[in-house]
Structure formats: C-alpha cells, structure tokens
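Please read the structure below before turning to the comments.
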Amino acid sequence: MRALSRMFAVLVVVLAASACVTIHIYFPAAAAEEAARTIVRDVLEAPGAPPPFEPDAAPEPTSRGITPLLMPAVAWGLDRLVAPASAQAPDLRVESPAINRVRTSMRSRSPELAPYLRNGAIGFARDGFVEVRDLSDVPLGERSRVQRLVSEENADRRTLYREIARANDRPDWEDRIRETFARVWVEEAPAGYWYQDADGNWRQK
Amino acid sequence: MKRGAGRRGLRALVLASLPLFATVPAGAETGLRLELDIGSLVHEAFDARGLRAHLSWVGPEPRFEVQADRLHLPEPVGRVEALHLRCPRAEVTARRLACPDARLTARGDGWRLDAAALDFDWDREAGLVRFSVPWPGLFRGRGRVSGLAGAPGLRVDLDLAGLDLPMLLGSGLVPLELPVAVQAGTAGVAGRIDTRGRVPAAQLDLSVSGLDFSDPAGLHAAEGLSASGRVAHGPAGYEVQARFTEGAAFFDPWFLDLAEAGPVSVSISSLQTVPGVADGVGWSAASGEMTLGGHTRLQGTGLQHRGDRLEQGEIEWQTGRLDLAGGLLAEPMLAGTVLGRSRFEGETHGRLSVSQGRVRAVEASWQGLGLNDDLGRFALRDSAGRIAWSDDALAPESHLTVAAGEVLGLPAGPFQMHFQLEPRGLRLLEPLFVPVLDGGAGADHFHLRVGPEGPEVEFEGGIRALSLERLTEALGWPRFTGRLAGIIPRVFYDVDGLRVDGLLLVQVFDGEIVLSGLRIRNLFGIAPELEVSAEVRRLELDLLTSALDVGRVEGRLSGRVEDLLLVDWVPQRMRLSLATPEEDPGRRRISQRAVENLTAVGGGVQGRLAATFLRVFDAFAYRRLGFNCELEGDVCLVSGVVDHPDGTFTLVEGGGLPQIEVIGHNRRVDWPELVRRLDAVREGPPPVVQ
C-alpha cells in the first residue's frame with residue numbers, strides 16, 4: 001500500500017514537471033455574480049420599486065473532478081514549478097465613474113419600469129436585457145413610452161456590461177458579464193415578474 | 001364559388017330514391033300538389049342532404065317550398081343547416097321561374113336567417129338566377145344584397161351598413177386570416193364582387209368606425225379608429241385606398257393619435273401576396289403611398305416584403321414639418337441613442353433603395369433643419385444640405401451648411417461642409433472650418449473608413465486661436481483672459497474613444513499651458529470622459545488669483561498635470577504638480593486675504609503667524625509655493641514644496657520678514673469638499689482677520 005502511494009506521488013511529480021504548464025486567467029465567475037447581485041438589488045430596490053424576492057439559500061459549492069485530498073499535493077507541486085507572479089486573485093472591479101453613473105441612471109428609471117414589469121408588459125429577457133412581452137394591458141397612448149423606457153434601459157444595460165468589462169481591462173469579458181447579469185436579474189426579480197427561460201419562453205416568478 | 005356550374009346543368013347524382021307523390025285534392029278547387037323527397041343531391045357547387053321539395057299549384061299561382069337538412073356551399077359560406085325556402089307566389093313560365101317574395105330560413109357557422117325576404121328570378125334558358133335580398137339583419141347590419149348567378153360565375157352587388165365587425169369576422173364568412181383580433185367596430189360596404197371574368201374582380205367602398213383591434217402582444221393595436229376607403233381587386237391584385245380620420249393606433253414603435261396628428265391616407269397599388277422563400281408568405285406591391293396630417297408623405301415603388309423585412313423597393317419621403325413628423329416617426333426609432341432626446345424642425349425629402357433586404361443607396365436633402373437636444377448637449381439651427389450614398393460606388397458630392405450650432409454649451413457656426421460619402425466612409429473634399437466664439441476648429445484633411453477592425457481616421461487640422469474670456473463666459477467658469485490654439489496632425493478612433501494627436505496651446509495668465517494626449521470617449525454619452533496631460537509654463541499668479549478672486553498672489557507658477565481624467569467634466573484622476581519655478585523668480589508676495597482663503601480652503605492648513613500679527617500687514621513676501629495632488633476618485637493625496645518628517649508639508653514658504661509659512665497637516669483631502677470650499681471662498685465676502 002505504501003509502495004503504491006509512493007509510486008503515485010512520484011507519478012504526480014513527474015507529470016507536473018514534464019507538463020507544459022499554461023496559465024489561464026479565468027473569468028471570475030463568483031466575483032461577477034456577487035457584483036451583479038449587488039448592482040441588481042440596488043437597482044430593483046430603488047424607491048418605488050417592489051421589495052426583491054428572497055431566493056432560496058444557494059447550495060454549498062462542491063469541488064468536482066479532483067478529490068479534495070489530492071488538491072493540496074497538486075498545488076504544492078505546481079507552486080514550486082510555476083512562478084507565482086502569474087497567479088491572479090479572482091476579483092472583479094465594479095467601481096468606475098461611468099459604472100456609477102449608469103447605475104444611478106438605472107436606479108432613477110427603476111420606479112418607472114416597475115409597474116410594467118409587475119403587470120407583465122415587459123420582462124427580463126434571457127440575454128440580460130429587458131424586452132416587451134405583452135402590451136395589451138397598457139393604455140394605447142403609453143405604449144410608445146414603454147418602448148422608449150425599454151430602449152433607454154437596454155442602452156444603459158449595454159453600457160453597464162461594457163464598462164464593467166472595461167474597468168477590468170478585459171473588454172472580451174463583456175459577454176460573460178452580460179450572461180451573469182442575465183441570470184441574476186431573474187434570480188433577484190420579485191415574485192410576479194416575467195422572465196425568459198433558456199428556450200426563450202416567458203415564465204412568471 | 002366554382003364557375004361553370006349552371007350551364008352544364010345539374011350533373012347531379014341522385015343518391016336516394018325519388019319517391020314522388022302527386023295528389024289531386026278533393027274539393028271545389030282542382031290543382032296539383034307535388035312532394036319530392038330527393039334525399040341527397042351532389043353537384044360541383046353544392047352538396048345537399050335531406051333534400052325535400054313541395055309544390056302546390058292550387059290557385060292561380062303556384063307555391064313551393066324547398067328544404068334541406070344540410071347543404072355544403074363553396075367557401076366562404078360553407079356548411080348550411082336547416083335550410084327552408086318558402087315561395088308563396090311563384091311566377092312560372094316556360095322559360096323562367098321567379099319568386100318575388102320568397103322567405104329563407106337557414107343557419108350556418110356564426111349566422112342565422114329567420115324567414116329572410118328573398119326575391120329571385122331563374123331564367124332557365126339563359127341559366128341565370130337574379131336575386132335581391134334585403135339584408136336580413138345578419139351581424140346587426142342593414143341594406144341590400146343583389147346579384148346574378150349563372151354559368152360564368154357570380155356577381156354580387158352589396159350596399160350594407162352597420163355591420164358588427166367582431167361578429168362578421170368571427171362568423172367565418174370573411175375569408176381573411178387577420179393577424180389581429182377585432183374587438184369592436186362597425187363597417188359599411190358598398191360595391192360589387194364579380195367572379196364571372198377570368199380573374200375574380202371586386203370593387204368595394206368600405207367604411208369602418210369605432211374600430212378596436214389588437215394582436216396578442218399589443219404591438220399592433222388601435223382604438224376608436226374610423227376610416228373610409230376603396231378596395232378593388234383585378235388581374236394585377238388589390239388596389240387599396242384608405243383614409244383614417246379618427247382614433248388612435250400603436251404600430252410598434254409608433255403611436256399615432258389622429259386627433260393630434262391629423263388624418264392618415266394610404267394607397268397601395270397591385271398588392272399581391274407572394275410565397276416567400278424561407279420566411280413564409282410575403283407581399284408585393286407596384287406602389288404605395290402614405291400621407292400623414294397633410295405634411296408628410298412616404299412613397300414606395302416596386303415593393304417586396306418577406307417575413308419582417310422589406311426585401312426590395314424604392315422609398316421616397318417628403319415632409320414639410322419635421323417638428324411633427326420627427327416626434328411621431330423618428331423619435332420612437334431613436335430612443336436609447338444619442339439622438340433619442342432630440343427635437344427636430346425643418347423640411348426634408350429624399351429617397352432610398354432597398355435590394356435583397358439591405359439599403360443600397362440613399363439621397364436626402366433638407367432645409368431649415370433644426371435639432372435640439374433636451375439634455376442641452378448639442379443643437380443645430382437652420383441647416384440645409386444634400387447627401388448621397390451608395391453601397392457599391394462613389395456617390396455624388398454631398399454638402400451641408402449650418403447657420404448656428406451648439407456643443408456642450410459652446411456656440412458654433414456658421415459653417416459649410418463639402419464631402420463625399422463612400423460605401424464605408426466619408427472624405428472631406430474641401431477644408432472645413434467651424435467657427436467657435438471668436439476662433440474655431442478646422443480640418444484640412446479628413447477621411448473616415450469603417451473596416452472590419454473598426455473605424456480608421458485620417459485627420460489634419462487645428463484650433464484657431466479662441467478667446468478664453470468668451471470661452472469661460474460661455475461655459476460659466478470664472479472668467480480668464482487668454483487664447484487657446486493648437487495643431488492636430490492626427491486623430492485616432494478605437495474602442496477607447498477618440499484620441500487626438502498633437503498639441504493644444506493655451507495662452508493664459510501671461511504664461512502657457514500645453515495640452516497633449518487628449519482622448520475623448522462617449523462625448524454625448526451617460527458619462528463623457530476626457531483624458532489629457534498638460535504642461536503649465538510660468539502662469540502669472542497675480543492674474544490667476546485675480547480671475548479666481550481669492551486674494552492676491554504675485555509670482556509665477558509652473559508644473560504638470562499628468563493623466564488627468566475627467567468624467568462628466570469632474571476630475572477623477574490626475575497627478576498635479578504646480579510650484580513657483582526656480583529660475584527668474586521675480587516679485588513674490590502673497591496677500592493677507594490669500595493666506596486666509598488658503599487657510600479656509602485647506603481646512604487642515606494653518607498659518608504659523610498669530611492672527612493679531614497678520615492684521616498689521618497687507619501682504620507677505622514668500623520664497624516659494626507649491627501644491628501637488630495625486631487624485632484617485634474623491635481622494636487627493638496632497639504634498640507641498642517641502643515634506644516634513646511628521647507628515648506635514650509646507651505649501652507656502654516665507655521669505656523675508658515677517659516670515660509667513662503655510663503648513664498643511666492633512667495629506668488625504670476630500671476633493672469634492674476642496675472644490676466646494678474653493679467655490680465658497682470665491683462666492684463669499686472676503687474674510688476678515690480678527
């Protein structure tokens with residue numbers, strides 16, 4: 001048994017030493033989700049907007065693929081083979097004057113949008129934007145206004161996603177940020193709001 | 001209805017037995033009674049089941065009745081049940097059978113006739129049936145239907161009013177599949193439908209009032225709509241003319257209240273449905289025209305529409321009232337863009353060509369054009385011009401003139417511009433100069449190309465000396481005297497905005513500020529950003545402090561501002577370093593008021609002289625002064641000409657007697673608070689030292 005574990009340890013070291021190590025800077029998904037949640041709550045909780053829906057407690061994250069006991073050994077080996085300078089803390093910067101401005105703009109629009117989100121005239125689309133769903137219950141003369149609010153809100157959201165990516169010097173993250181927001185808008189939406197599921201069908205929370 | 005049915009006669013297949021009962025009644029009168037139980041009768045044009053006929057010729061005129069349990073007629077009538085035709089007074093000759101006062105009872109899908117009056121005349125030799133029906137009140141309508149049915153087909157003359165549209169459209173009698181549900185409205189129809197020709201023809205005068213309709217998502221809807229018009233159908237398709245006079249409609253994203261916008265007229269020529277390739281059924285029209293409120297006209301020719309886009313066509317527009325048409329038509333389309341909060345005025349006309357679903361060429365002219373941004377970012381007054389663009393060739397020269405304009409509060413113009421629009425770009429044909437105040441900005445060469453990597457800009461131009469006095473006045477800043485000028489050899493545009501190569505020279509306060517590394521991003525966006533670095537050369541402090549009205553300081557000031565970032569014109573980041581230069585010091589004095597104001601502004605700054613001592617002197621000599629600020633966000637990390645080990649720093653170092661020294665204690669300064677205090681000092685009365 002001991003011989004087996006020694007062989008395994010040698011194998012790990014040899015593997016680590018001979019492997020061509022490539023360092024990827026991964027999208028900080030958890031940080032993005034946390035940042036998105038803060039911003040979304042801030043917007044949805046603007047005065048006049050309804051109280052947010054309390055989501056169920058998120059399940060504890062679990063590691064996959066590699067058993068937890070093996071992880072320290074691999075990390076120990078890699079720490080000594082790979083320069084630590086390349087390691088990057090998974091963090092996301094969500095503070096910049098432009099981001100703050102656009103958040104203020106979205107917060108001030110929130111009370112105007114809320115009645116139409118409540119009555120299902122508009123809903124949270126699966127792509128991180130808002131979309132007109134059913135204007136039937138909106139008086140005819142107000143429908144252009146709803147479309148204008150939707151266009152302006154989407155222009156702000158586009159700016160928000162782009163500016164967060166830019167604040168992190170990673171313009172290529174824009175789509176991932178938008179996808180994260182798309183999920184969080186729906187999770188944080190109050191009960192009764194409409195949203196699009198993954199297939200594009202409208203559902204009510 | 002299938003044509004050619006009558007002349008060939010009733011090629012009927014009698015499926016059931018034909019029991020025939022002929023009786024001669026007993027009594028004074030003699031006559032004939034005939035009862036036919038035909039059962040089923042199948043014909044090209046109809047299929048009757050449970051068919052019975054009853055003929056009674058007792059008096060001078062025969063009477064007859066025909067009944068059918070079920071009858072199938074061509075669409076749109078379709079299935080008819082419990083048909084009962086009574087003819088109390090038939091006129092029978094060898095050639096014709098007529099019944100001027102027949103009564104018809106029947107019911108079908110969504111309709112019912114209850115002893116409705118019917119006048120018909122069957123010319124058996126000619127194979128023609130003439131009929132005339134006072135409208136039996138179906139769908140709450142009134143009026144008359146008459147016509148002629150025979151071998152070549154059917155001609156129907158309609159003169160109906162007050163038809164309830166939801167009932168009529170719900171009955172299935174109208175062979176239309178509408179994309180909207182009609183909730184209310186009445187209609188009148190007068191005209192003729194004729195199926196006797198090679199192509200069925202129709203010409204109907206239609207009127208609707210109180211029309212409410214909506215599609216499922218409410219994106220196409222109307223309320224209280226009134227319209228009248230004519231629909232004609234011929235070999236080339238439908239000819240449609242309609243005039244909408246009352247009510248309101250929403251056709252995403254446009255809303256039109258006809259009471260405010262005025263009537264809308266529509267005419268379409270040779271309208272036909274055409275099968276689409278991939279997007280289902282589309283339509284085509286030889287021409288179409290829409291006029292709005294008598295001031296705006298849209299015309300199209302050779303139109304082909306498939307799915308949700310115009311595939312082909314030439315569109316022309318003309319409006320004499322952009323103030324009205326802009327708000328109604330342009331504003332909803334521009335929502336969320338830079339022009340989304342703009343008001344327009346003036347006149348415009350032009351045309352665009354669409355081919356294979358893409359715009360291929362545009363020509364537009366305008367005059368008296370005005371544009372005002374509600375948020376005050378820009379404005380344009382009295383512009384005229386003509387532009388031309390083509391997607392596959394160099395278009396003819398474009399030009400425009402602007403009488404006056406405004407950008408971020410700065411008045412500009414008049415100017416004119418000659419340029420050429422390329423398929424993916426714009427080239428200036430003559431130097432452009434835009435007067436701004438007493439100077440202006442100009443471009444000798446400008447060429448913009450939009451490629452797959454983004455826009456590329458070639459630019460040579462500059463800023464002709466601009467009076468700072470008028471500039472600061474226009475921007476509402478403290479009034480400075482001086483001039484701004486510069487040469488801009490190149491301009492770059494990328495994802496980080498517009499980068500201006502070259503140097504801008506600001507001659508101010510008897511010194512110079514040289515601006516470089518200018519970058520502008522989202523100029524009209526939610527948070528405009530401007531980045532610039534500056535070198536400050538020997539500004540005369542006397543003039544500077546006089547302009548700011550903060551007390552008098554004599555001497556010179558030099559230094560640098562690096563990486564200044566303004567967001568929405570508020571500094572967010574910079575490395576500022578200003579100090580009196582070592583060389584050529586000249587006279588250096590600071591007034592008592594300036595010291596006090598510096599104290600008031602600094603907060604953590606203290607004068608080292610006793611207040612009572614200060615009162616004796618109006619001004620003090622100083623050896624040097626300086627101020628450094630590393631700004632990041634709202635926090636400015638301050639230092640002076642000398643940094644002391646205890647964390648304090650000297651802002652003003654005295655020289656001579658009495659010696660004055662201004663020491664700062666607080667290195668971390670709240671920048672917005674500093675600006676507020678500076679404003680308070682400038683706007684408040686001069687402080688009095690007690």
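Here is how the numbers come out for the structure above:
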read-out	value
Identity of the residue in region A:66-93, modelled with pLDDT of 50 or more and more than 14 Å from every other protein chain (Cβ to nearest Cβ), that ends up nearest to B:Pro571 (Cα to Cα)	A:Leu92
Residues being facing chain B (nearest Cβ under 10 Å), without any contact (Cβ under 8 Å) to a residue 40 or more places away in the chain and more than 30 Å from A:Pro171 (Cα to Cα) - total across region A:118-133	1
Positions within region B:636-668 being aliphatic (A, V, I, L, M) and under 24 Å from B:Arg589 (Cβ atoms), in sequence order	B:Val638, B:Val641, B:Val642, B:Leu651, B:Val652, B:Leu657, B:Ile660, B:Val662, B:Ile663
Hey, B:Arg309 away from chain A (no Cβ under 14 Å) and touching a residue at least 12 places away in the same chain (Cβ under 8 Å) or not	yes
Single unsatisfied condition, B:Gln272 versus (1) within 14 Å of chain A (Cβ to nearest Cβ); (2) farther than 23 Å from B:Leu158 by Cα; (3) in a strand (DSSP E or B)	(1)
Condition met for A:Leu140 (in contact (Cβ under 8 Å) with a residue 40 or more places away in the chain and in contact with an Asp or Glu (Cβ under 8 Å, 6 or more places away or on another chain))	no
Selected residue (criterion: farthest from A:Arg41 (Cα to Cα)) from residues of region A:101-117 that are touching a strand residue (DSSP E or B) at 6+ places or on another chain (Cβ under 9 Å) and either within 13 Å of chain B (Cβ to nearest Cβ) or of a type in the set (Asp, Glu) (or both)	A:Tyr116
Scan of region B:510-541 for residues that are in contact (Cβ under 8 Å) with a residue 40 or more places away in the chain and under 20 Å from B:Ala579 (Cβ atoms), ordered by number	B:Gly511, B:Val536, B:Arg538
Residue in region B:347-359 that is of a type in the set (S, T, N, Q), over 18 Å from the mean Cα position of the chain (by Cα) and either under 24 Å from B:Phe250 (Cβ atoms) or not in a strand (DSSP E or B) (or both) present	yes
Selection status of B:Gly336, closer than 17 Å to B:Val264 by Cβ, outside any strand (DSSP E or B) and without any contact (Cβ under 8 Å) to a residue 60 or more places away in the chain	no
Whichever residue in region A:146-191 is within 17 Å of A:Leu44 (Cβ to Cβ), among the β-branched types (Val, Ile, Thr) and more than 9 Å from chain B (Cβ to nearest Cβ) and, among such residues, is nearest to the chain's Cα centre (by Cα)	A:Thr180
Qualifying position, being in a loop (DSSP other than H, G, I, E, B), at pLDDT below 85 and away from chain A (no Cβ under 14 Å), among B:Val616, B:Val601	B:Val616
Candidates B:Trp283, B:Trp366, filtered to the one that is in contact with a strand residue (DSSP E or B) (Cβ under 8 Å, 6 or more places away or on another chain), among the aromatic types (Phe, Trp, Tyr) and within 30 Å of B:Ala236 (Cβ to Cβ)	B:Trp283
Number of positions in region A:120-150 that are under 26 Å from A:Thr180 (Cβ atoms) and part of a loop (DSSP other than H, G, I, E, B)	8
Filtered residue count, region B:226-257, keeping only those that are closer than 29 Å to A:Val150 by Cα, modelled with pLDDT under 95 and in contact with an Asp or Glu (Cβ under 7 Å, 6 or more places away or on another chain)	0
Region B:366-384: number of residues that are surrounded by fewer than 17 Cβ atoms within 10 Å (Cβ to Cβ) and of a type in the set (Gly, Ala, Ser)	2
Flag for B:Ala181 being more than 17 Å from B:His233 (Cβ to Cβ) and either surrounded by 16 or more Cβ atoms within 10 Å (Cβ to Cβ) or in contact with a helix residue (DSSP H, G or I) (Cβ under 9 Å, 6 or more places away or on another chain) (or both)	yes
Tabulated pairs, region A:25-36, first on the phi < 0 side of the Ramachandran plot, second among the aromatic types (Phe, Trp, Tyr) and modelled with pLDDT under 85, C-beta under 9 angstrom, 6+ apart or interchain	none
Any chance B:Gly476 is within 19 Å of B:Gly409 (Cα to Cα), out of contact with any helix residue (DSSP H, G or I) (no Cβ under 7 Å at 6 or more places or on another chain) and in contact (Cβ under 8 Å) with a residue 12 or more places away in the chain	yes
Residue in region B:70-81 that is within 22 Å of B:Leu154 (Cα to Cα) and β-branched (Val, Ile, Thr) present	yes
Test for B:Arg587: is it touching an Asp or Glu at 6+ places or on another chain (Cβ under 6 Å), modelled with pLDDT of 80 or more, away from chain A (no Cβ under 14 Å) and part of a loop (DSSP other than H, G, I, E, B)	yes
Pairs, first within 16 Å of B:Ser353 (Cα to Cα) and modelled with pLDDT of 90 or more in region B:386-399, second surrounded by fewer than 15 Cβ atoms within 10 Å (Cβ to Cβ) and among the acidic types (Asp, Glu), C-beta under 9 Å, six or more apart	B:Ala388/B:Glu397
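Here's the yes/no breakdown for (1) surrounded by 12 or more Cβ atoms within 10 Å (Cβ to Cβ); (2) at pLDDT 50 or above:
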| position | (1), (2) |
| --- | --- |
| B:Met1 | yes, no |
| B:Gly9 | no, no |
| B:Leu32 | yes, yes |
| B:Ile38 | yes, yes |
| B:Asp47 | yes, yes |
| B:Gln67 | yes, yes |
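The values are calculated or read from the model by the stated rules, or taken from the named source; none is laboratory data. Not measured: the values here are computed from a predicted model. As a convention, Cβ positions derive from the backbone with ideal geometry for all residues, glycine included, and neighbour counts pool all protein chains shown.
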